[in-house]
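Colleague: Take this structure, written in structure tokens, and hold onto it; I'll ask about it next.
Laboratory data are not the source of any read-out in this text; all were calculated from the coordinates shown. What you are looking at is a predicted structure, and each value in this text was computed from that prediction instead of being measured. Positions of Cβ are backbone-derived with ideal geometry, glycine not excepted, and every protein chain shown enters the neighbour counts.
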Amino acid sequence: MLKTLIQNPGVKQIAGSVALAATLMVPTYSHAADEVVLAHAMSNDHIFNPIADHFMASLAKNAPDAFEIKYHPGGDLGDWTSQFEQTIAGEIGMTMTFPATDFDPRLNISIMGMVADSWDDAVKIYGPGGSMVGTYNEIYAGLNMKLLAILPVDFGGIAIRKGMGKVPVNFPEDGAGLKVRVPPMQTAIKRFEYLGFNPVPMPFSELYTALQLGSVDGRTFGPPSEIWQMRDVLETYVFSRDYFEQGAFLVNLDWWNDLNPEQQQALQAAADDAASWAWQEAEQISEKLIADIKDYGINVVELDAAQQSKLRQIIQDKEWTWMEATVGKHLVEQIRATTAE
């Protein structure tokens, strides 16, 4: 635009000043807004919802009229695995979801136990510029997706349904005889076999009913947001922190490659802004959820130092060794090096 004004001196100076000021404030887009679906499968209580709000607000502020976002939260376009697959195929343009290991076994690294011990560790490993971001970028690109950001959810734990009276804190002995739901992933099954439980692979959509009916005695891989969501059927929450749950903000790679550089920059900047907010706020959100869970009357239990050390030893000695055959020894060694830093 500035070049056009210089080449046409007849244009009034005031018009040029106004146009230049507008150009400096926000990018301009001469074409119609790109319409795209942004979807996730989680409830309003989940951190994906405010992350999406921040992303859309940032995009609207800094790149007005560049995109028309069709927002679909709450799973109305399918569960998270379905949305993962739809994003690969281009049926959904953007999704906040979780790594689906059926599409690439290397994504099992996302649920490896005892990789991060604290929020500071999680930020260094999974946060903006973290040590594992490049690895995830490579894996998702091979699935026809572009990773905009790794999103923090929370540390996970083990919840026991009402009426059981069990508090598993010593592993593997306390897990004996307890049927616990695990996600239908081999890594999840193996971990809770090693920890002494009877793991029952089950889709998340069936979990609440299974807890109600007593088909399972408890659930694993439970971040505080999901414990709060199912609070009426639970009596104990062992906040074991055996893994750190991350989501992925993904876009279809073909759609991304069709965008012009200005659109790509605007989209990435908005995603960076939303992810930065999430990594700053996630720990406080977790602490509030834990307080709410306690206030509701659920028994929240933390492992003591000896119990946590035993949990870490079992997972790192047994699960990590088993993982070498699944994701490759070089990838496990990379994670070992990361955790040793």
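Colleague: Sticking with the crude label model, points 7 Å out along Cα→Cβ, report the distance from T321 to N257 in nm, one decimal please.
Modeller: 4.3
Colleague: Cut-off is 10 Å between beta-carbons; in what order do H72, H40 appear when sorted fewest neighbours first?
Modeller: Least to most surrounded, the residues fall as H72, H40.
Colleague: Give me the one-decimal nm value for the distance between modelled label points at Y71 and Q186, 7 Å along each residue's Cα-to-Cβ direction.
Modeller: Output for this residue pair reads 4.0 nm.
Colleague: Sticking with this one: Mind sorting R106, R181, R219 by how few other Cβ atoms lie within 10 Å of their own Cβ, fewest first?
Modeller: Taking fewest neighbouring Cβ atoms as first place, the list is R106, R181, R219.
Colleague: Over the Cα atoms of segment 25-166, Rg to Rh with Kirkwood Rh, two decimal places?
Modeller: Dividing the radius of gyration by the Kirkwood radius yields 1.01.
Colleague: Using only Cα atoms, what is the ratio of the radius of gyration of the chain to 2.2 N^0.38 Å?
Modeller: Taking N as the residue count of the chain, the ratio is 1.13.
Colleague: Right, something else. Can you work out the FRET efficiency for the pair Q264 and S205, with r the C-beta to C-beta distance and R0 = 45 Å, to the nearest 0.05?
Modeller: For R0 = 45 Å, the calculated efficiency reads 0.85.
Colleague: Please work out how much length the chain gains when fully extended from Q313 to D53, using 0.36 nm per residue of separation minus the C-alpha to C-alpha distance, in nm with one decimal.
Modeller: 89.6 nm
Colleague: Cut-off 16 Å, label point 7 angstrom out along Cα-to-Cβ of S118: give me the residues of segment 265-293 whose amide nitrogen falls inside.
Modeller: Flagged as within label range: 283-284.
Colleague: Just from the alpha-carbon atoms, what are the Rg and Dmax of segment 190-238 in angstroms?
Modeller: 10.8, 29
Colleague: Something else now. So, in Å, what gap is there between the alpha-carbon centers of segment 40-92 and segment 218-246?
Modeller: 24
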